[in-house]
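Below: one structure, written as structure tokens.
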Amino acid sequence: MNKSEFAKELGVRAGLTGVQAQKVTDEFLALLTEAIAKGERVAFLGFGSFSTSQRAARVGVNPRNPSQKVKIPARKAVRFTPGAPLKAAANSGKVAKKKAVTTAKKDVKKATTAVKKDVKKATTAVKKDVKKVTATAKKVVRKPVAKKK
């Protein structure tokens, strides 16, 4: 599938005209390119993530003349790391929507549990601090005040 075929299919699925679908596709790719050029990581949950990495300078071999060594300068490379649902779809030939949703739900549940534990720890710490302050305040209040003559 090339860019124009992709835009046409996107238009059909989203109910857009061909021109609108082409503009959306162009703007998406422009935005993605700008973010990568700035060195930002662009991640799409369930699909994958785009990032850049630094490649070190190295010495290579000229394929036309294997005895000749060529210096390859350091550069940045664009990396794509596919998400689990995309990997599963590539291997099975089917889009794994249900599995992606289940995985996302499990991730949310884990995060929620972790947050609840953190809140419980923080609440316990605050309660201990309040008890200490209250005990100190009671001691201060109980001290007899000297009467003026």
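In this structure the amide hydrogen of Leu16, modeled in the peptide plane, comes within under 5 Å of no amide hydrogen from residues 5 or more places off or on another chain. The 3J(HN,Hα) values that the Karplus relation (6.51, -1.76, 1.60; θ = phi - 60°) gives for segment 133-139 are, in residue order, 5, 5, 4, 5, 5, 5, 5 Hz. Gly and Pro appear as x.
Mind checking which of Thr103, Thr124, Thr136 has the largest fluctuation in a GNM of the chain, springs on alpha carbons under 10 Å? With Cα springs under 10 Å in the chain, the top fluctuation among Thr103, Thr124, Thr136 is at Thr136. Among Phe50, Phe80, Phe28, the residue with the largest mean-square fluctuation in a Gaussian network model of the chain, with springs joining Cα atoms closer than 10 Å, is Phe28. By its C-alpha gyration tensor, with a ≥ b ≥ c as the square roots of the eigenvalues, how is segment 1-62 shaped: rounded for a/c under 1.5, else prolate for a/b larger than b/c, else oblate? In terms of gyration-tensor shape, prolate.
Estimated from helical segments only, the mean residue ellipticity of the chain at 222 nm is -20500 deg cm²/dmol, where each DSSP H run of four or more residues counts as -39500 (n - 2.57).
If only the Cβ of Lys and Arg carry +1 and only the Cβ of Asp and Glu carry -1, the dipole of the chain around its Cα centre is close to 2160 debye. Using a 10 angstrom cutoff on alpha carbons, build the Gaussian network for the chain and name the most mobile of Ala57, Ala137, Ala21. Taking springs between Cα atoms under 10 Å, the residue moving most is Ala137.
A dipole drawn for the chain from +1 and -1 charges on Cβ atoms has a positive end, and of Asn65, Thr52, Ala7 the residue lying farthest that way is Thr52.
According to the Cα-based calculation, Rg over Rh for the chain is 1.34, with Rh computed by the Kirkwood formula. Per-residue 3J(HN,Hα) values for segment 51-61, derived from phi via the Karplus relation 6.51 cos²θ - 1.76 cosθ + 1.60 with θ = phi - 60°, read 8, 10, 9, 8, 9, 6, 5, 8, 10, x, 10 Hz in sequence order (x marks Gly and Pro).
Per-residue Karplus couplings for segment 124-132, computed as 6.51 cos²θ - 1.76 cosθ + 1.60 with θ equal to phi - 60°, are listed in order as 4, 5, 5, 4, 4, 5, 5, 4, 5 Hz, Gly and Pro entered as x. Could you tell me how many degrees, from 0 to 90 and to the nearest 10, lie between the Cα long axis of helix 3-14 and the main elongation axis, the longest principal axis, of the Cα atoms of the chain? Approximately 50 degrees, to the nearest 10. Between Phe80 and Arg58, the contour length at 0.36 nm per residue exceeds the Cα-Cα span by 5.7 nm. Using the structure shown, list the pairs from Lys8/Lys106; Lys8/Lys87; Lys110/Lys131 with a Cα-Cα distance above 29 Å, or answer none. Over 29 Å apart, Cα to Cα: Lys8/Lys106; Lys110/Lys131.
Taken together, the values in this text are just the output of simple stated rules run on the coordinates, not laboratory data. Owing to the predicted nature of the structure, the values given are computational and were not obtained by experimental measurement. Methodologically, a virtual Cβ is constructed for each residue, glycine included, from the backbone with ideal geometry; neighbour enumeration extends over all protein chains shown.
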